[in-house]
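Chemist: Got a structure for you, written out below as C-alpha cells; questions coming shortly.
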Amino acid sequence: CQTKVHMVAGSVLSDLEAWRPKTPFHRIIVPVASFVLILFVSLHYALSANAGPSLIVEEKQGDGTRARGLINAYFDAWNKHDVEGLRTLLAHDCKLTDWETQVSGRDAVVEANRKIFEKMPEVKIQVLATHLFKGEKSATCEILVKTGKEDLNVADIIIIESNKIKAIRAYKK
C-alpha cells in the first residue's frame, strides 16, 4: 500500500516537472502573459458592467441597428409618457404581460401604459443593459423602474416583428 502511494506521488511530481519553466525567458514570459490576460479579461468585464444605459450586447448575426433604434425609441417614449409615440412603435396585435397586467392589442397596451403614467406621474425607466437575440427579433432588457417611491429591478423580454414591438413580457425581481 505504501509503495503505491509513493508511485502515485512520484508520477504527479514528474508531471509537475514537465510544466516547470525551463529557461529564464519562460520564467518571465509565462507570469507576465498570465497577468496581461487576467488584466484584459477584468477590464472587459468592468467596462461591460459600467457601460451605462445604452449597452447593447450582440448575440447573433446583424448589427442590431434597427432593433437598437426601436428599443431606444420605446424607452424614450415611455420615459416621456408619450402614449401616441408608444402607439407608433407597437404592432396591431401587440401583447403586454407583467406582474399586474395582461393585455392584447395595440390600443389595450397603450391604455395600460397610460394608466401607469396617470397612477405614477414620476415613473421613469433606466435601461441597464439590452441583449439582442435571433438577429433582431427579440431582446432582453435589464431595467430599473424608478417609481419615485422605490426602484424595481425588472427584466423586459421584447419580441420584434416587421420593425414593430410584437410583445413585451416584464418580470419583476
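The values are calculated or read from the model by the stated rules, or taken from the named source; none is laboratory data. In this text, all values refer to a predicted model and were calculated from it rather than measured experimentally. Cβ atoms come from the backbone with ideal geometry, glycine included; neighbour counts cover every protein chain shown.
Chemist: Only residues that are in contact (Cβ under 8 Å) with a residue 60 or more places away in the chain and of a type in the set (D, E, K, R): list them for the range 158-173, please.
Modeler: Across the range 158-173, the qualifying residues are E161, K164, K166, R169, K172.
Chemist: Moving on to the next point. Of the residues E111, E100, only one is surrounded by fewer than 16 Cβ atoms within 10 Å (Cβ to Cβ), at pLDDT 95 or above and within 15 Å of I168 (Cβ to Cβ); which?
Modeler: Every option except E111 fails the conditions.
Chemist: Among A167, A155, A108, which is hydrophobic (A, V, I, L, M, F, W, C) and over 19 Å from L70 (Cα atoms)?
Modeler: Only one candidate qualifies: A108.
Chemist: In this structure, is L132 out of contact with any helix residue (DSSP H, G or I) (no Cβ under 8 Å at 6 or more places or on another chain) and either under 16 Å from A73 (Cα atoms) or part of a strand (DSSP E or B) (or both)? Step through it out loud before you land on a result.
Modeler: Numbers: out of contact with any helix residue (DSSP H, G or I) (no Cβ under 8 Å at 6 or more places or on another chain): no; either under 16 Å from A73 (Cα atoms) or part of a strand (DSSP E or B) (or both): yes.
The answer is no for L132.
Chemist: Output the residues belonging to the range 141-167 that are more than 25 Å from E122 (Cα to Cα) and not hydroxyl-bearing (S, T, Y). Quick ask: steps written out before the conclusion?
Modeler: From the range 141-167, those more than 25 Å from E122 (Cα to Cα) are 159-164, 166; that's our starting set.
Once the filter is applied, which keeps residues that are more than 25 Å from E122 (Cα to Cα) and not hydroxyl-bearing (S, T, Y), the range 141-167 yields I159, I160, E161, N163, K164, K166.
Chemist: List every residue pair whose Cβ atoms lie under 8 Å apart, where the two residues are 6 or more positions apart in sequence or sit on different chains, the first residue falls within the range 101-119 and is aromatic (F, W, Y), and the second residue, located anywhere, is part of a loop (DSSP other than H, G, I, E, B) and crowded, with 17+ Cβ neighbours inside 10 Å.
Modeler: Close Cβ pairs (under 8 Å, with a partner that is part of a loop (DSSP other than H, G, I, E, B) and crowded, with 17+ Cβ neighbours inside 10 Å) amount to F117/H81; F117/V123.
Chemist: Between A139, A155, A91, A67, which is outside any loop (DSSP other than H, G, I, E, B), of a type outside the set (K, R) and without any contact (Cβ under 8 Å) to a residue 24 or more places away in the chain?
Modeler: Values: A139 fails: without any contact (Cβ under 8 Å) to a residue 24 or more places away in the chain; A91 fails: without any contact (Cβ under 8 Å) to a residue 24 or more places away in the chain; A67 fails: without any contact (Cβ under 8 Å) to a residue 24 or more places away in the chain.
Answer to the check: A155.
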